[in-house]
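Have a look at the structure below before the remarks.
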Amino acid sequence: MHLQTATAQLEHAIEAGDEETAPKLAEFLLDLGAEPTHVTAALSRAMARLGKQFQRLDIFVPDLLVAADAFEAAMHVIEPALHACEAGRQRKGTVVIGVVEGDIHTLGKNLVRVMLAADGFQVHDLGRDVKAARFAQAARESKADIIAMSALMTTTMGRMKDVIDVLVSEGRRDNHRVIVGGAPVTQQFADEIGADGCAQDASRAVALANRLLTSDRPVGGET
Amino acid sequence: MNSRHRVEAALRGETTDVVPVFLRDLTLGLDVCDLTTPEVCAGGPGGTYDADKSARCVIETQRLLGHDCVVGSIHDLGLDVDALGGRVEFPEREIPYVVEPVFPTAQAIARAHLPDLHSQGRMPGVLRAYQIVAKALGDEVAIAANVEGPVTKAGLLRGLDSLLSDMVRDPAAARAAIDFAVALACEHVRAVLDAGAHFVFVAAASDGPGIIRPEQYLEYTIPGLAEILAAARERGAPVVFHPHGPFTQERFWPLVEAAIETGIAGFQFGENNDLAIAKQRWGQRICILGGVDIPEVLLPGPPERIRGATKSAIAHAGKGGGYVLMPSCSIHRGFPIDHLTAMIETARQGAV
Ligand code: B12
């Protein structure tokens, strides 16, 4: 099979949420001599297309969840090759993501996680009902460039500020960019709590994360 | 016309003196009575559920705000979860939430038995609260039995992400979870109607486009809704259906039609819907419910904006009756009371 055909088939397998075929095609592409970054680019293209389709409600949450499984299965296969090559080691940045304490609305956070990973970020998912100290600790341990928090309720969104307060009290606020999102979160709220940005949906969250990492303030890691 | 008559007339599609208001306040009363969440929902230390305090919350909130319809108890989404072996967290001043679902694996569903709502878990307390509320308010005020919809309840028992993945990868497991959830919902319908509720409100946040595919809604939600309806019919009670999603977009109209064909009395539209379209398309066949968007309008306010949104909802859907003014979903502790008053007062002033 031709490289181009296999690449197209891989993209198709991701879009169809085919968890079995996607890793096989990824492996096949590597065997054909494709660069690992060629494979990740194909995966990102497929996920970005799905993100756009979801925005228009042409596809729905289950479709994105199974596509994410297929994406992760394919990534698993190419991970070693990716680490072995210089270009592949250059991840865009590390993100720690979670839903704040007291809130169990996970769907939006999951979609943001998937789209960030598909765009080349290293993402650590802390799940839901995550305490402020846990966000701060995970960000420190993984030297995260970005802390991404989700809250779907006005009663829990205040917890986002708690995380920022912890970072400030530990003198580590400038080590991480903080992004926030979820239905009740507005730019005004993000400004009020001192976050670095907010986004209305997963595709825009990816654009925001990229924008923040290319702006001048250094982030990520050491105190 | 008293509040109960107003709501019942609207559900039959008839005209009313003023537009009836249903807040679907599930935990707001905890603030009104200044009680903590665990002392009511978990019954305090060593308890299960405090029926008396729960009923007091509902009754005092209704007396304070004067809305036409109540849910007959303080309600949370973990009412079945702990009875079946999952775990619910009860934060002091916030809303309870499920921390461990009941079915961590698809296999666990096959081994599960329906709980006895009259003797197990927190439901006996909830039923008792309904009885107290029915006795205190039932002649004057309409009482709704708040019951979760098929995918919504199954998602709470199985974990929604797992359920949605099962729908694609293991449809038999998804089917088993949903069948269990629907059977349980039907038990709720019977028990809560027997405890004094007047109609059934099917709360279905996870049953609709925005989350599931239209064909999954037709495959799982609609047959489940039909079963819930059959259980309500045994008691002669009407049913209102409230899934989330942009149903008034033309491509989703068939999903509303499918719900109407099951025989529902009313459909509550959530956020991102056009009530004028709903009224025009379906207002002759069912009662339309809905009105003020919670995240966009009711929570941020200010009251003046809420009054405007209320007037506009009534103007679009109130004409000719068959309309109940509601927020776009449920109301909880932490919501500003003056925002709710602005909505209710505006409805009281407006002629239909
Ligand atoms: C589905 C749903 C549920 C499901 C959630 C299932 C799950 N596992 O997620 C269930 C039924 C379990 C549920 C429970 C409850 N819910 Co609910 N729920 C919803 C509903 C209808 C849709 C949310 C959703 O999943 N949308 C789809 C996803 C894909 O969109 P999204 O989450 O907005 O995410 C997108 C963006 O916001 C953004 N984004 C999200 N996170 C992040 C993070 C970052 C960093 C960035 C940049 C972007 C970003 O990108 C995402 C993808 O595009 C909303 C209504 C609404 N308008 O949002 C109510 C809503 C959020 N729920 C609400 C409530 C009150 C509750 C309950 C308390 C109800 C109850 N009876 O107990 C409980 C919560 C208990 C708790 N303590 O957490 C309220 C919140 C009101 C408030 N106070 O602000 C809402 C607004 C409905 C209402 N009553 O008006 N709910």
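Let me know the volume per residue of the alpha-carbon convex hull for segment B:88-160, in Å³.
129 Å³
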Legend entry - Cut-off 17 Å, label 7 Å out along Cα→Cβ of B:Asp52, residues of segment B:125-148 by amide N: B:125-136
Legend entry - Alpha-carbon centroids, segment B:299-313 and segment A:71-106: separation in whole Å: 43 Å
Legend entry - Average partner coverage of A:61-67, which counts Cβ from other chains inside 10 Å: 6
Legend entry - Stokes-Einstein D (µm²/s) once Rh is taken as the Kirkwood radius of segment A:5-72 over alpha-carbon pairs, at 10 °C in 1.306 mPa s: 135 µm²/s
Inset, instruction - At a Cα cut-off below 24 Å, give the lysines reachable from A:Lys109, other chains included and same-chain residues fewer than 8 away excluded. - result: A:Lys52, A:Lys92, A:Lys131, A:Lys143, A:Lys161, B:Lys153
Legend entry - Translational diffusion coefficient (Stokes-Einstein; Kirkwood radius from C-alpha pairs) of segment B:3-347 at 4 °C, 1.567 mPa s, in µm²/s: 65 µm²/s
Inset, instruction - Heavy atoms only, probe 1.4 Å: what % of the accessible area of chain B goes to carbon and sulfur, would you let me know? - result: 50 percent
Legend entry - Modelled FRET efficiency - R0 22 Å, A:Gln200 with B:Arg305, Cβ distances, 0.05 increments: 0.60
Inset, instruction - Largest first and in whole Å, give the semi-axes of the protein assembly as shown's equivalent ellipsoid, each being the square root of 5 times a Cα gyration tensor eigenvalue. - result: 42, 26, 23
Inset, instruction - Find the Cα radius of gyration of segment A:5-122, compare it with 2.2 N^0.38 Å by division, and give the number to two decimals. - result: 1.06
Legend entry - GNM flexibility winner over chain A from A:Gly120, A:Gly51, A:Gly102 (Cα, springs under 10 Å): A:Gly102
Legend entry - Mean Cα-pair separation over length for chain B, i.e. relative contact order, pairs under 8 Å, 6 or more apart, %: 21 percent
Legend entry - Relative frequency of Cα-Cα separations exceeding 21 Å in segment B:137-237, percent: 33 percent
Inset, instruction - With a bin width of 10 angstrom, please list the P(r) values of segment B:217-256 as percents of all Cα-Cα pairs, from the 0 bin to the one holding the largest distance. - result: 26, 47, 24, 3
Inset, instruction - Grab the DSSP H runs of chain B that are 4 residues or longer, score each as -39,500 (n - 2.57), total them, divide by all residues and round the 222 nm result to the nearest 500 deg cm²/dmol. - result: -13500 deg cm²/dmol
Inset, instruction - Taking a cut-off of 23 Å between Cα atoms, list the lysines near B:Lys279, but don't count ones fewer than 8 places away on the same chain. - result: B:Lys311, B:Lys319
Inset, instruction - Grab the Cα-Cα distance for A:Glu86 and A:Ala133, subtract it from 0.36 nm times how many residues apart they are, and report the gain in nm with one decimal. - result: 13.5 nm
Legend entry - segment A:94-213: relative contact order as a whole-number percent, Cα under 8 Å and 6+ apart: 28 percent
Legend entry - A:Lys143-B:Glu296 pseudo-label distance in nm [points 7 Å out on the Cα-to-Cβ vector]: 4.5 nm
Inset, instruction - Please compute P(r) over all alpha-carbon pairs of chain A, binned at 5 Å starting from zero, and give each bin as a whole-number percent. - result: 1, 7, 15, 18, 18, 15, 11, 8, 4, 2, 0, 0
Inset, instruction - Ratio to report: Rg/Rh of segment B:1-151, with Cα atoms as the point set and Rh obtained by the Kirkwood method; give two decimals. - result: 1.02
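With the cut-off at 25 Å, report for segment B:172-281 the share of all Cα pairs above it, as a whole percent.
Every Cα pair in segment B:172-281 considered, those over 25 Å come to 20 percent.
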Legend entry - Set of aspartates and glutamates near B:Lys53 by C-alpha distance (under 16 Å), chain-local residues within fewer than 8 positions excluded: B:Asp25, B:Asp31, B:Asp34, B:Glu39, B:Asp76, B:Glu92
Legend entry - DSSP beta bridge pairing in chain B, given as percent antiparallel to the nearest 5: 10 percent
Legend entry - Kyte-Doolittle at least 0.5, axis length at least 24 Å by Cα - qualifying DSSP helices, chain A: A:61-84
Inset, instruction - Have a look at segment A:55-128 and give its Rg and Dmax from the Cα atoms, expressed in angstrom. - result: 13.9, 42
Legend entry - Cα centroid separation, segment B:104-167 to segment B:23-85 (Å): 14 Å
Legend entry - Relative contact order computed over segment B:147-265 (Cα-Cα under 8 Å; 6+ residues apart), in percent: 30 percent
Inset, instruction - Could you please state, rounded to a whole Å, how far the C-alpha centre of segment A:118-134 is from the C-alpha centre of segment B:201-238? - result: 34 Å
Inset, instruction - Pull up the DSSP beta bridges for the protein assembly as shown and report the antiparallel fraction as a percent, rounded to 5. - result: 5 percent
Inset, instruction - Once you have all Cα-Cα distances for segment A:94-213, histogram them in 10 Å bins from zero and send the whole-percent values. - result: 15, 55, 29, 1
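When only DSSP loop residues count, what GluC sites (Glu not before Pro) in segment B:43-103 have their Cβ near at most 15 other Cβ atoms within 10 Å?
Values: sites: B:Glu60, B:Glu89, B:Glu92, B:Glu94; in loops: B:Glu92, B:Glu94.
Here the sparse-neighbourhood loop sites are B:Glu92.
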Legend entry - Exposed-loop-free span, longest in chain A, where GluC sites (Glu not before Pro) count as exposed if DSSP calls them loop and at most 13 other C-beta atoms lie within 10 Å: A:21-221
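The values are calculated or read from the model by the stated rules, or taken from the named source; none is laboratory data. Remember, it's a predicted structure, so these values are computed and weren't measured experimentally. FYI the Cβ positions are ideal-geometry reconstructions off the backbone, even for glycines, and counts take in every protein chain you see. When the accessible area is computed, the model is the full protein with side chains, heavy atoms only, and any ligands, DNA or RNA have been set aside. Shrake-Rupley method; radii C 1.70, N 1.55, O 1.52, S 1.80 Å.
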